[in-house]
Amino acid sequence: MRSFARTLGGIGLLLACAYVAQATPGSAYADLQRHLTQPDQSVDFAAAKIAIDRLIDPSIDVAAVQRELDRLTRAVAARTPAGLTPRARMDVLLSTLYTAGDWNDHRPFRYDLDDPMGRQRENKLLSTYLRTRKGNCVSMPTLVTIIGQRLGLVVTLATGPEHVMTKFADGHDWLNVEATSGGYKWDSSYERDLDIGALALENEIYLRPLAPREAVGVMASTLMEALAANRRADDLMVVADMVLAANPTDVVAIIQKANAYYLQLQQRYNSRYARPADIPPELQADYAMRSRANLEWFAKAEALGWHPPTAQNRSRYLQSIDQEKEKRGQL
């Protein structure tokens, strides 16, 4: 058996921190299912993100989040002259978020150097980011994508190993917005910096501009983390299956489905029986099926080009965080 607690790192660490509303598997996720199955042209990124975040924390003030999104959208629009190219309009959006000025009350949005691996799951919630102005590689590209969509830009999300970025269409070309720094980045840079292999590129599990419904699945990764952290195995399976129906090569959902089988095995069998041989005969087939499925779903991810993060890459990333802290005088 394999558990993703040892493999997914920042996006998938099994750390319990956010509350998840209790519900019958499936019944609580009708709204999420709607966002994942509606036509791509009807997907509203803001509505989807808020709905997902409320499944993690039902106390979120939806009206307050919507007011702040409206305010930021108006601020960008007011600073955008008519007739600009999509790239120039994105420049205005980014400067509105990341450059201090009256448009953001001189409180620019910044990368949270105190939680570089995203261990505090509540920091991935849109409401937290809007309040603290300190974000990560989930909340920051999500906000850029939400505001971009509201302004009429052709935007979506894309992923790399343990990373999310915004993609936007500038004419016939897709460009990457590295929202954690407020700039742009080539695919080739991500391939090098995130150690993306040829097989992963061939299967397009990373860097591909996602269809809107697939981007909603990326937003749901935080919900899957929270369900796993709270050991809600059956709910995790339901949500992972919903995401995989929208994007069968979503490797985060694939790993989470493997993890759901692992958690079911722990809860139904390993916590009750000292040895597999002690499991009653009428349950042996179910135990064997879940054990096999756990390994098969990990193998599926690996066949697509996914691999666990390496200690070397993790160390290099943390060194870059320390360097940035030193530049900001936070060390």
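Read-outs throughout are calculated quantities, based only on the coordinates presented, and are distinct from any laboratory measurement. Predicted, not measured: the structure shown is a model, and the values here were computed from it. Here Cβ is always computed from backbone atoms with ideal geometry, including for glycine, and neighbour counts include all displayed protein chains.
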What number, in percent, do you get for the relative contact order of the stretch 4-328 if the mean sequence gap of Cα pairs under 8 Å and at least 6 apart is divided by its residue count? 20 percent
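Using only helices, what value at 222 nm comes out for the chain when you add -39,500 (n - 2.57) per DSSP H run of length 4 or more and divide by the total residues, to the nearest 500 deg cm²/dmol? Could you put the intermediate results ahead of the total?
Values: 14 runs with 169 residues, N = 331.
Estimated from H runs of four or more residues: -16000 deg cm²/dmol.
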Of the listed links LYS134/LYS300; LYS134/LYS185; LYS167/LYS257; LYS49/LYS134; LYS49/LYS167; LYS134/LYS257, those spanning more than 24 angstrom between alpha carbons are LYS134/LYS300; LYS167/LYS257; LYS134/LYS257
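So how do GLU296, GLU225, GLU191 line up by other beta-carbon neighbours within 10 Å, fewest first? Intermediate results must be reported in sequence, preceding the final value.
Values: GLU296 12, GLU225 30, GLU191 17.
In increasing order of surrounding Cβ atoms, one gets GLU296, GLU191, GLU225.
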Could you state the principal axis extents of the C-alpha atoms in the stretch 84-170, from the largest down, to the nearest angstrom? 38, 33, 18
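If you rank SER27, SER139 by fewest surrounding Cβ atoms within 10 Å, what's the result?
Details: SER27 8, SER139 28.
Least crowded to most crowded, the residues run SER27, SER139.
Using the Kirkwood radius over Cα pairs, work out the Stokes-Einstein diffusion coefficient for the stretch 158-210 at 20 °C and 1.002 mPa s, in µm²/s as a whole number. Display every interim value, and only then the final one.
Values: Rh = 11.3 Å.
Using the Kirkwood radius from Cα pairs, D works out to 190 µm²/s.
Kirkwood Rh, Cα Rg: Rg to Rh for the stretch 199-290? Please list the in-between numbers first.
Working: Rg = 15.8 Å, Rh = 14.5 Å.
With Rh from the inverse mean 1/r over Cα pairs, Rg/Rh is 1.09.
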Just one of (1) 17.9; (2) 22.4; (3) 18.9 is mean projected area of the Cα convex hull in nm² calculated from these coordinates, so which is it? (1)
With +1 on each Lys and Arg Cβ and -1 on each Asp and Glu Cβ, and nothing else charged, work out how big the dipole of the stretch 168-309 is about its Cα centre, in Debye to the nearest 20. 680 debye
Cα centroid of the stretch 120-163 to Cα centroid of the stretch 271-306, whole Å: 36 Å
